[in-house]
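> Just dropping this structure here.
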Amino acid sequence: MRRILRSALIAVLLAFVTGTGASKAGAGKPLPIRLILQWTHQAQFAGCYVALEKGFYKARGLDVSLLPGGPGIAPATWLEEGKAEAGTIWLTDALVARDRGVPLVQLAQIVNRSNLILVGWKNKGIRVLGDVEGRRVSLWGAPLDAPFDGLFRARGLRVRRVPQYDSINLFLQGGVDACSAMSYNEANRIYEAGVDPGEVTAFALRDLGFGLPEDGLYCLESYFKAHRPECEALAAATVEGWQEAARDPEGALRLVMRYARSSHIPANEAHMRWMLGTILPSILPAPGDPWTLGHLSAEDYARAADLLRGQGLIRTAVPLNVFLPSEASHAP
Amino acid sequence: MLRNMSIGARMSVLVLAAAGGVLCLIAGYGAHRSRLVLKDELEAKARALGAATAFHIEVVERSVAKTAEGLAMAVSALPLQPAEVDDLLRRVVETNAEVFGSAAAFEPGVFGPKDPGTAHYAMARSGGVVLKNLAEGGYAYETQDWYVLPKELKRPVWSEPYFDKGGGDILMATYSVPVWFRDGRFMGVVTCDVSLAWLSKELTSLPLGEQGYAFLISKIGTLIAHPTRQFIMNESIFSLAEERQDLALRDLGRRMIRGESGFVPFRSFTTRKDSYLAFSPIPSTGWSLGVVFYKDIITAKVNALGRTQLALGLLGILLLLVLVLWISRSITKPLKELDAATRVLASGDLDTPLTIPSGDDEVVHLSSSFEAMRLDLKKHMADLQATTAARERVSRELQIAHNIQMSLVPRTFPPFLGREDFEIFAVLDPAREIGGDLYDFLLLDPFHLCVIIGDVSGKGIPAALFMAVTRSFLRAFLREEPDPAAALARLNEELASQGDTNMFVTLFCTIIDLRTGEARFTNGGHNPPYLLRAGGALESVPLIGGIVVGAIPGMPYKSGAFQLAPGDVLVLYTDGVTEAEDQAGGFFGEERAEAELRTLQGRSAEELVRALRGKVAAFAEGAQQSDDITIMAFKYLGAK
């Protein structure tokens, strides 16, 4: 009798620790979740592919399908319109959407360290940040440009803004003197266009005090309330997927290439390897890094909200415990 | 090993090795040269092919560009109604086969504040030209490269190639021309799309066969056409370089997108084969065409050439082998014959003449020399035989003479048994060749002893016979003449009368009265004997003069006398004693003889003779004895 009790206790504890107990305890049929990615298939989402292909989602009673994003696809809108149950969204995008009335809640903060950089042509005189004064600089639209704007404003720099969309060809053709870029993506695309590192100058926004967390896992508040255990399981499985991707990057890379090829997106292994290698350290903290895997800190949340509010991109931000309902409930 | 081979074999091996080496050098150089020539040919071919293909592509791109530019002029010059724009675009697509689609996209807001922007688009489909407004359906045309780049760069732009989603995954490139109002405001962009599907066909139809392939990269290095379909649009020359960590490939890519042309060694992306790459730019689009030729086609050609050369070379060497064998045989045949002949010669057969081949080469000279040597040897052998015979004859004669000489002198000591009034002892050691010493003694009556010593000139049998004659005559005359001088004079007459012999003899002859010790003597040119007195004094027999016997007839000989006391010793000798030579060529000499004799006082005749002979022998110490050595001692003991 006693032994049975103890076994049950251990089972419950284990279920709790792995975060699967709730759904396991429920019906045997897995819950279908459509997860919309914020861009086309690439190594930026390696953790999701690994979690799906290695069965981390399934193990937690989730039947996840990954929907590729791309130009013109805003995951927040898809969630709002019910075309997906969960999505990966930038923190700033999520804050803006929330402010506009889309009731997003965050399940996990995947990318905790900023990967935004500004790249300038050396032959056009961009060697230090001050050199962008008065120059043509292409920047992504709001709110991706918020950290750049914040930086320029803080440094008193005025640039001639040119809208930047989904390619860097304008920069490559010399149409602008500098452009916004992700260290894990465009930086290497520039290299893969035959531009040598010595020909450009790169400024990392996180080194200049304007680094913000980026990709996070979100769903609508209502969905979270209805499927809280599944939402938490989704976050845990995705994080586990990233841990596994870090443990076996080449295995993850093979999955990335498979997804990219299946959706007929131009992709090559060299670039995806670079992307995975660059994004992993912004997700999994190294000793000394100030963040916890998968968690958004209150300070970063406040900084992001302040920056957006300062630029008039949002009026207000919801309290952290509203934005992060699962964290709030676990807090004592 | 070579040393153990015959000359012919060695010559063949060396000539073949040398010829083979030269052949190899020639073949190697030939292969190298032909490789260079083939490489040059290949370079010319690759460059020409690349340039021609690039030009062909260029022509197509230019015509598309011209169409787009014409369209831009029409749109900017004429105020057009939307239907007119559609009609224009339709006509462009219909009339230009290479134009896959054409757009006129206007900047939102240019036709009024509420204008959301329109993008007229006409595209070729199997059923004909289809018209649509790209702005419908959420397609943000104003964010596309084909729109943004000409707008921002303010010049016509070839887009990077892309897959056209709407048109069924066809690889396209778009030429976009910005259009401006007369007042300088930006109106929009007109474009012509060109399908790049024909490019791959174009490149695969190049006459490269199995020898290589062609590929095309865009302005930023993206592979637009390549035999490996997987590469197209996925990889760029730089991503491949990154993947393979091949910095040289990256450098090559940079040269290509800079619009350079060239011909460089290259390693194929796909086959990893060593190749050459000729690349030429397509100036209008900024693309670059690469034509790859595998190096192994050169290698194959060179190898084929090499095989032919090798076969020819082997054939040549075979011919050479036959030739060398024939030549070496013709050269070594007389040598072999000579070898056989000299073996016969060496075995001692000097009678077989050598056959001397005709001609005037070294072998003929050698054969002639051998023949001359054979003849010389033969003559020499004959001479040697004659000489040896002569020498043997002489030797025999000498032996005979020696025998005669030794038979003439008394050799039994003591000669007269029972005589106690004197002792007499003599030794005669003949020299090998010269010689002619003699001694003799005889009792004329019981009281008179005649003692003779002499030395005949000449040698051999004549000398021996002369000696015999001398002795016989002298013995006869001494029995008839009481005076030795008279006997000597008669002897001289006899010997001199046979004067054609030119021989003579030195003689000392004394007759001793054994009762009184009184001695009468005569001397014919002989060394005067010594008198070793019993008291120790050493005297010479008185000098009386007298020349050698038998040389000149009618010569007088004097008589002399001396008195012997009991114990006195008369010592006679020939010049073989005083002229005995030591190793250094010094003579024994009379002084040494006298000194030695003084020490021998009181000895018996035999002891004295043997002692003196011993001294002479010790002096000569093994030196060649050049003359007979004769010592004789007469010791008078007194009448009993």
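We did not get these values from a lab; they are worked out from the coordinates using the rules stated. Since the structure is predicted, the reported quantities are computational estimates derived from the model, not experimental observations. FYI the Cβ positions are ideal-geometry reconstructions off the backbone, even for glycines, and counts take in every protein chain you see.
> As a check on your grasp of the helix formula, calculate [θ] at 222 nm for chain B: sum -39500 (n - 2.57) over DSSP H runs of n ≥ 4, divide by the residue count, round to the nearest 500. Kindly include the intermediate steps, with their values, before the conclusion.
Working: 13 runs with 285 residues, N = 640.
For chain B, the value works out to -15500 deg cm²/dmol.
> Specify the angular offset, from 0 to 90 degrees and rounded to the nearest 10, of the alpha carbon long axis of helix B:362-408 from the longest principal axis of the alpha carbons in chain B.
Helix B:362-408 sits roughly 20 degrees off the main axis of chain B.
> Is there a pair in A:K54/A:K225; A:K83/A:K225; A:K83/B:K132 whose C-alpha atoms are over 23 Å apart, and which pairs would that be?
Flagged as over cut-off: A:K54/A:K225; A:K83/B:K132.
> Under the rule of at least 5 residues apart or a separate chain, name every residue whose amide H is placed under 5 Å from the amide H of B:F100.
Residues meeting the amide H criterion: B:D193, B:V194, B:S195.
> Ranked highest first by the average count of other Cβ atoms within 10 Å around their residues, in what order do B:198-207, B:56-65, B:288-297 fall?
Going from most to least packed, we get B:288-297, B:56-65, B:198-207.
> Now for a different question. For a Förster distance of 30 Å, can you work out the FRET efficiency between the beta-carbons of B:A18 and B:E41, rounded to the nearest 0.05? Walk me through the intermediate numbers first.
On the way: r = 34 Å, r/R0 = 1.13.
Efficiency computed from Cβ-Cβ geometry: 0.30.
> What list do you get for B:V363, B:V609, A:V128 if you sort them by fewest beta carbons within 10 Å?
Values: B:V363 17, B:V609 25, A:V128 10.
Fewest-to-most ranking of B:V363, B:V609, A:V128: A:V128, B:V363, B:V609.
> Got a sec to turn the phi values of segment A:103-111 into Karplus ³J(HN,Hα) couplings, 6.51 cos²θ - 1.76 cosθ + 1.60 with θ = phi - 60°, whole Hz, x for Gly and Pro?
Per residue, the Karplus-derived 3J(HN,Hα) values read x, 7, 10, 8, 9, 7, 9, 7, 8 Hz.
> Taking N as the number of residues in segment B:243-383, what is its alpha-carbon radius of gyration divided by 2.2 N^0.38 Å? Write out the running numbers ahead of the final one.
Numbers: Rg = 36.7 Å, N = 141, 2.2 N^0.38 = 14.4 Å.
The value comes to 2.55.
> Could you name the aspartates and glutamates whose alpha carbon sits less than 18 Å from that of B:K151, not counting residues in the same chain fewer than 8 places away?
Cα-Cα hits under 18 Å: A:D166, A:D177, B:E69, B:E107, B:E142, B:E160, B:D183, B:D193.
> Remind me, relative contact order of segment A:116-208 in percent, using alpha carbon pairs under 8 angstrom and six or more residues apart?
Once divided by the residue count of segment A:116-208, the mean separation gives 49 percent.
> Shape of segment A:116-208 from its Cα gyration tensor (a ≥ b ≥ c, root eigenvalues): rounded if a/c is under 1.5, otherwise prolate when a/b > b/c, or oblate?
Working: a/c = 1.44, a/b = 1.29, b/c = 1.12.
Since a/c stays below 1.5, the shape of segment A:116-208 is classed as rounded.
> So, one more: Please determine, in degrees from 0 to 90 and to the nearest 10, the orientation of helix B:484-497 with respect to the longest principal axis defined by the Cα atoms of chain B, where the helix direction is its Cα long axis.
50
> If I fit a long axis through the Cα atoms of helix B:247-257 and take the longest principal axis of the Cα atoms of chain B, what angle between them do I get, 0 to 90°, rounded to 10?
Helix B:247-257 sits roughly 40 degrees off the main axis of chain B.
> Turning to a different aspect of this structure: Where the Cα atoms of chain B are projected onto their three principal axes, how long is each span, largest first, in whole Å?
Largest first, chain B extends 198, 57, 38 Å along its Cα principal axes.
> Which whole number gives the average, over all residues in B:252-260, of C-beta atoms from other chains lying within 10 Å of the residue C-beta?
Values: counts 0, 3, 3, 1, 1, 3, 1, 0, 0.
For peptide B:252-260, the averaged partner shielding equals 1.
> Let me ask you something else. Considering the Cα trace of chain A, what is its radius of gyration and what is Dmax, both in angstroms?
20.8, 80
> On to the next question. What pairs from A:K122/B:K66; B:K154/B:K219; B:K379/B:K459; A:K124/B:K154; B:K45/B:K295 go past 25 Å between their alpha carbons?
A:K122/B:K66; B:K379/B:K459
> For A:K29, list the aspartates and glutamates whose Cα falls under 19 Å from its own Cα; do not include residues on the same chain fewer than 8 positions away.
A:K29 reaches A:E53, A:D63, A:E85, A:E230, A:E232.
> Can you tell me the mean projection area, over all orientations, of the convex hull of segment B:334-475's alpha carbons? Units nm², please.
Average of the hull's projected areas for segment B:334-475 equals 13.1 nm².
> Could you check the simple spin-label distance between B:I552 and B:V394, using points 7 Å along Cα→Cβ, in nm with one decimal?
3.2
> Counting DSSP beta bridges in the protein assembly as shown, what percent are antiparallel, to the nearest 5?
So the antiparallel bridges amount to about 90 percent of the total.
> Please average, across the residues of B:234-246, the number of beta carbons from any other chain that are within 10 Å of each residue's own beta carbon, and give a whole number.
Mean partner shielding for this stretch: 6.
> Given the Cα-Cα distance of B:S626 and B:L323 and 0.36 nm per residue of separation, how much length would full extension add, in nm?
Roughly 101.9 nm would be gained on extension.
> Also: Just rank A:V137, B:V157, fewest to most, by other beta-carbon atoms within 10 angstrom.
Least crowded to most crowded, the residues run A:V137, B:V157.
> With an 8 Å cut-off on Cα pairs and a minimum separation of 6 or more residues, tell me the relative contact order of chain B in percent.
Values: 1115 pairs, mean separation 60.8, N = 640.
RCO, chain B: 10 percent.
> Whole Å is fine, so just give me how far the alpha carbon centre of segment B:231-308 lies from that of segment A:76-93.
Between the Cα centres of segment B:231-308 and segment A:76-93 lies a distance of 46 Å.
> If I model the protein assembly as shown as equal point scatterers sitting on the Cα atoms and use the Debye formula, what is log10 I(q)/I(0) at q = 0.04, 0.06, 0.07, 0.10 Å⁻¹?
-0.49, -0.67, -0.82, -1.16
> While we're looking at this one, here's another question. Hey, fewest Cβ within 10 Å first, where do B:V549, A:V318, B:V577 land in order? If you can, show how the numbers build up before the last one.
Working: B:V549 31, A:V318 17, B:V577 26.
Least crowded to most crowded, the residues run A:V318, B:V577, B:V549.
> Let me confirm one metric for peptide B:147-153, namely the mean number of other chain beta-carbon atoms within 10 Å of its residues' beta-carbons.
Details: counts 1, 10, 6, 1, 3, 8, 6.
Across the residues of B:147-153, the mean count of other-chain Cβ atoms within 10 Å is 5.
> Here's something else I'd like to know. Take every Cα pair under 8 Å in chain A that's 6+ residues apart, average their separations, divide by the length, and report that relative contact order as a whole percent.
Computed over chain A, the figure is 28 percent.
> Starting from the exponent 0.38 and prefactor 2.2 Å, build the expected Rg for segment B:409-636 from its residue count and divide its actual Cα Rg by it.
Cα-based Rg divided by the globular estimate yields 0.97.
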